[in-house]
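One structure is given here, and the rest of the page talks about it.
Derivation of every value follows stated rules applied to the coordinates shown; laboratory data play no part. Treat the numbers as computed from the prediction; the structure is a model and nothing was measured. All Cβ positions, glycine included, derive from the backbone under ideal geometry; neighbour counts span all protein chains shown.
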Amino acid sequence: MALLATLVAGIFGFMLIGVPIGLAIIAGSIVAILLFVPGANLMIVPQQVFGGLDSFTLLAIPCFLLAGSLMTMGGLTDRLLAFTNTVLGRFRGGLALSTVFAATVFAGISGSAVADTSALGRVLIPAMIREGYKPAFSAAVMASSNVLAPIIPPSIAFIVMGVLTNQSITRLFLAGVIIGLVYGLAMLVITSIIAHIRQYPVHGRSTGREIWKSFRGAFWALMMPVFIILGIRTGIFNVTECSAVAVVYALFVGTVIYRELTPARIYKALVETARLTAIIMIVVGAARIFSWILGYAGLPQQIANAILAVTDDPWVFLILLNILLLIVGMFMEANAALIMLVPVLFPIALQLGLDPIHVSVVIVVNLCIGLITPPVGLCLNLTSLLARVSLEQATREVLPFLAFALLVLGLLTFVPGLATWFPNLVLG
């Protein structure tokens, strides 16, 4: 256990002095190897890191990110918001409800919560503030809505989870659909409740002609998630091939149909995608050396034995898992947390007879909730900056959304069918 303590302390120590998370994991691993693996050749570190990236499946990450960025640069945001406003503007707090709905659709395009928050937040947060919404509330509803992005396919978190556990990413994608829609519905409910209490503005009823016109404008954007699910389900392409086809689809829509995707915007999308991909891939590569050290020391089995000595009840284990992951999510980015915890916790869940798909979705949803829990809370920090409010103000406003998110998590934990029913229905 001394090795594990040194490894974790090293990683957090490097993070505290400002080292990016992926490089912190690699540096902490080097320290652990030097102290606890006598005679080890440090060439094992780059070998394991590059070995962790040597996966055809991981090509889906940059492709889905690029597809989402191209759709945004190609005029998706304005058309999507026009449609959501015509449909939901008649209700109290219509613009806030439109934010939740737009985030749900965007979640089916990029798979990255931070990317979606940045794209939608720059447009919708100033719009809500101009309409009379509290800036802190605008930040909270935007951050909470974009928690959906790593849950609804295509999900970067599920791609990483599938690579770490050797599971079908297609099945994991489908497992995120129902719980993602349930989460989106929960966000609509709490947003509507707050809007009625505070008497936020109503835009007025749109005519059928206006709704149809806005729907036609947003049609190709709305079809993107459907295109992804149907393509994978029918076997026309696998997840990685789907991501490449999604890029072609986004280019076609942006250049031929919307005609807003210029060479300059394509270049900007490529640069943004390269930056996000580099951040994610460094963390994924670091996962291999981290897992190698754990396996070398036999730590997963030691920890499993310790947990099983306390309880062998799968439901008690799930409760403890939720508590642990919610705490970890407060301080660590989701992909990094997956890399550090899944090699230890996932085998224990299997030993207890839990469904691997159910456990995978529980883990991902837990860590996604961390996107709106301070002090790290990447989405909440980003939206508070966009709204020009303090993190403390945004945190107070996000508490009702966080409570509803925890209700959805509790429902998922004790009703496994929310994760397993749809993939079993579709794939058998």
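With only Lys, Arg, Asp and Glu charged, each at its Cβ (+1 for the first two, -1 for the last two), find how big the charge dipole of the chain is about the Cα centre; round to the nearest 20 debye.
1340 debye
Taking K and R as +1 and D and E as -1, what net charge do the other residues with C-beta under 14 Å from the C-beta of residue 200 add up to?
+3
Per residue of the chain, what 222 nm ellipticity follows from adding -39500 (n - 2.57) for every DSSP H run with n ≥ 4, rounded to the nearest 500? Walk me through the numbers on the way to the answer.
On the way: 20 runs with 331 residues, N = 428.
Here the helix-only value at 222 nm equals -26000 deg cm²/dmol.
Please list, ordered by chain and number, the residues whose modelled amide H lies under 5 Å from the amide H of residue 55; skip anything fewer than 5 residues away on the same chain.
HN-HN under 5 Å from residue 55: empty list.
Could you work out the relative contact order of the chain, using alpha carbon pairs under 8 angstrom and six or more residues apart, expressed as a whole percent? Please report the intermediate quantities before stating the final value.
Details: 664 pairs, mean separation 111.9, N = 428.
With pairs under 8 Å counted, the relative contact order is 26 percent.
Ranked by Cβ crowding within 10 angstrom, fewest neighbours first, how are 383, 262 ordered? It would help to have the intermediate numbers written out before the result.
Working: 383 32, 262 13.
By the 10 Å Cβ count, ascending, the order reads 262, 383.
From Cα pairs below 8 angstrom and at least 6 apart in sequence, can you work out the relative contact order of the range 102-232, rounded to a whole percent? Can you show the working numbers first?
On the way: 120 pairs, mean separation 37.2, N = 131.
It rounds to 28 percent for the range 102-232.
About its Cα centre, what dipole magnitude does the range 89-198 give when the only charges are +1 on Lys and Arg Cβ and -1 on Asp and Glu Cβ, stated in debye to the nearest 20? Display every interim value, and only then the final one.
Numbers: 7 positive and 2 negative charges, 59 e Å.
Taking the Cα centre of the range 89-198 as origin, the dipole is about 280 debye.
Which ³J(HN,Hα) values in Hz, rounded to whole numbers, follow from the phi angles of the range 97-107 under the Karplus curve 6.51 cos²θ - 1.76 cosθ + 1.60, where θ = phi - 60° and Gly and Pro get x?
5, 4, 4, 5, 5, 4, 5, 5, 5, 4, 4
Could you run the Karplus curve 6.51 cos²θ - 1.76 cosθ + 1.60 with θ = phi - 60° over the range 249-263 and give me ³J(HN,Hα) per residue in whole Hz, x for Gly and Pro?
4, 5, 4, 4, 5, x, 9, 9, 8, 7, 6, 10, 8, 8, x
Excluding residue 93 itself, what net charge comes from residues whose Cβ is under 13 Å from its Cβ, given Lys and Arg +1 and Asp and Glu -1?
Details: positive: 90, 92, 134, 198; negative: 131.
Overall, the nearby charge balance is +3.
Rank by packing, highest mean first: peptides 324-330, 421-427, with packing defined as the count of other Cβ atoms within 10 Å averaged across residues. Provide the component values of the computation, followed by the final result.
Numbers: 324-330: 17.0, 421-427: 15.1.
In descending order of packing, they fall as 324-330, 421-427.
Using 1/(1 + (r/R0)^6) with R0 = 30 angstrom and r between the beta carbons of residue 16 and residue 403, what's the FRET efficiency to the nearest 0.05? Working shown, then result.
Details: r = 31 Å, r/R0 = 1.02.
After rounding to 0.05, the efficiency reads 0.45.
Determine, for 220, 315, the number of other Cβ atoms within 10 Å of each Cβ, and report the residues in order from fewest to most. Could the numbers behind the result be given before it?
Working: 220 22, 315 12.
Least to most surrounded, the residues fall as 315, 220.
So if R0 is 45 Å, what FRET efficiency would residue 267 and residue 424 give, r being the distance between their Cβ atoms, rounded to the nearest 0.05?
On the way: r = 43 Å, r/R0 = 0.96.
The value I calculate is 0.55.
For a quick check: sort 379, 63 by the number of other beta carbons within 10 angstrom, fewest at the front. Don't skip to the end; give the middle numbers.
Details: 379 27, 63 23.
By the 10 Å Cβ count, ascending, the order reads 63, 379.
Skipping prolines and chain starts, which residues have an amide H placed within reach, meaning under 5 Å, of the one on residue 108, given they are 5 or more residues away or on another chain?
It is none; the list stays empty.
Looking only at the range 85-121, which residues have a backbone nitrogen under 17 Å from a spot 7 Å from the Cα of residue 212 in the C-beta direction?
Output list for this probe position: 86-87.
Taking θ as phi - 60°, what are the ³J(HN,Hα) couplings along the range 123-139 by the Karplus curve (6.51, -1.76, 1.60), each to the nearest whole Hz, with x for Gly and Pro?
9, 7, 5, x, 5, 5, 5, 5, 7, x, 6, 4, x, 5, 5, 4, 5
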